[in-house]
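Accompanying notes for the structure given below.
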Amino acid sequence: MNGVLSDSEIRGLIQTGIISADAPIIPEQIQPASLDLRLGQTAYRLRASFLAGRGRRIADRLDDLQMHQMDLSSGAVLERGCVYLVPLQERISLPHGLTAVANAKSSTGRLDLLTRLVTDDGTEFDRLPEGYDGPLYAEICPRSFSVLVRPGMRLNQLRLRRGQAVLNDDQLRALHDAQPLVGDGQPLIDQGLGFSVDLHPATGDLVGYRARPHSGVIDLDRIGEYPASEFWDELHSSEGRLILDPGAFYILVSRESVAIPADYAAEMAPYLAMVGEFRVHYAGFFDPGFGIGDTGTGARGVLEVRCHEAPFVLEHGQVVGRLVYERMATRPERLYGEGIKSNYQGQGLKLAKQFR
């Protein structure tokens, strides 16, 4: 059946060697609809980001583009504003009919840690065509904070697809009628489920956070370790609007509470490139079961926003992104937040798990 591969199917690909790794893949890497990818032992500091290009290997281009090599075994700092390439522990041999797409994990995006998958023969970031057989690499560019990384850390994840099973707008409306996808109000359905920004909270006037430009190093393994005030400025508004500064990074939250039913997965995409001088730097993957808890009212989507060249006024309720829903090929054995340590189930406005 066409659709996004579930946890049981991913385990099958590992057992048959389609997905292999330097060290055995651990159960914690397998999510309901994706596989976490692990950093290897070495990082290369690059002069610039690059794609291998048709018919070329990443390894063949490193001599020209690397500045120096770093051993991650005892931990190493990836500095803000620099570009690094890290060979991943996993490799893949995709059979005919299977494609894959990668995206940053939630905490990676919330740290403004640009992480993209690159491959041999690659002409796009984060995309693997059917038939790809080779190693995987993570390009990492810390945008707001320098970070301490080690081998085995999981910054991005891989979602595998058989064919295409994206829901069109009519199918999405029918799904919402059968099982509400939005916990409050009517859904905005236009090439997906629209996401708008909440700048008028029901209680208080805290609407978001802005990254402080000269903060300390964040060890990604330290959960709840860092005082948020040392890395973020709180943003308050009683007017339902926020002026975005060029180059600044913001954590905001969606107005809508959304749900992903068990037989579906979703991916966040930009709404329109022409709506303003900003970009939603989204982590991207929403697993089956997201937002479906005891109350069934959904969970908010955290928005990672970066302003471009000119200051821009963002208004309460302005649409900034959309969720594209896809069918699962099979239902996952476990759902998001069900027997899985999920830091963001039932979330509202929330920073990455390293902060307190």
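Data overview
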{"read-out": "Ordering of 250-257, 314-321, 142-149 by burial proxy (mean other Cβ atoms within 10 Å per residue, highest first)", "value": "250-257, 142-149, 314-321"}
{"read-out": "Amide H contacts of Met153 (H built 1.01 Å from N, under 5 Å, at least 5 apart or other chain)", "value": "Leu39"}
{"read-out": "Per residue, the convex hull volume that the Cα atoms of the stretch 1-100 enclose (Å³)", "value": "147"}
{"read-out": "Long-range HN-HN contacts of Leu98 with modeled amide H, under 5 Å", "value": "Gly131"}
{"read-out": "Highest average packing first - 169-177, 85-93, Cβ atoms within 10 Å", "value": "85-93, 169-177"}
{"read-out": "Residues of the chain: accessible area per residue with a 1.4 Å probe, Å²", "value": "43"}
{"read-out": "Residues with amide H under 5 Å from that of Ala21, placed H, sequence gap 5 or more", "value": "Arg91"}
{"read-out": "Compactness of the stretch 64-122, expressed as Rg and Dmax over alpha-carbon positions, Å", "value": "14.3, 40"}
{"read-out": "Accessible-area composition of the chain, carbon plus sulfur, in percent [1.4 Å probe]", "value": "46"}
{"read-out": "Whole-Hz couplings from phi, Karplus 6.51/-1.76/1.60, listed for the stretch 237-252; x for Gly and Pro", "value": "8, 10, 10, x, 8, 8, 8, 7, 8, x, x, 7, 10, 10, 10, 10"}
{"read-out": "Surface accessible to a 1.4 Å probe, Cys82 within the full protein complex, Å²", "value": "20"}
{"read-out": "Glu225 versus Arg212: modelled label distance in nm, points set 7 Å from Cα along the beta carbon direction", "value": "1.7"}
{"read-out": "Listed residues Gly337, Gly134, Gly208, most fluctuating in the chain (Gaussian network, C-alpha, under 10 Å)", "value": "Gly134"}
{"read-out": "Helix-only CD estimate at 222 nm, as mean residue ellipticity for the chain, using -39500 (n - 2.57) per DSSP H run (n ≥ 4)", "value": "-2500 deg cm²/dmol"}
{"read-out": "Computed over the chain: relative contact order in percent, which uses C-alpha pairs under 8 Å that are six or more apart", "value": "21"}
{"read-out": "Estimated vicinal HN-Hα couplings, Hz - the stretch 317-327 in sequence order (Karplus 6.51, -1.76, 1.60; Gly, Pro = x)", "value": "x, 5, 6, 10, x, 8, 9, 9, 8, 10, 6"}
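The values are calculated or read from the model by the stated rules, or taken from the named source; none is laboratory data. Note that this is a predicted model, so its numbers are computed, not measured. Note that we place each Cβ from the backbone using ideal geometry, even for glycine, and neighbour counts take in every protein chain shown. Just the protein is used for accessible areas: all its heavy atoms, side chains included, with ligands, DNA and RNA removed. Shrake-Rupley method; radii C 1.70, N 1.55, O 1.52, S 1.80 Å.
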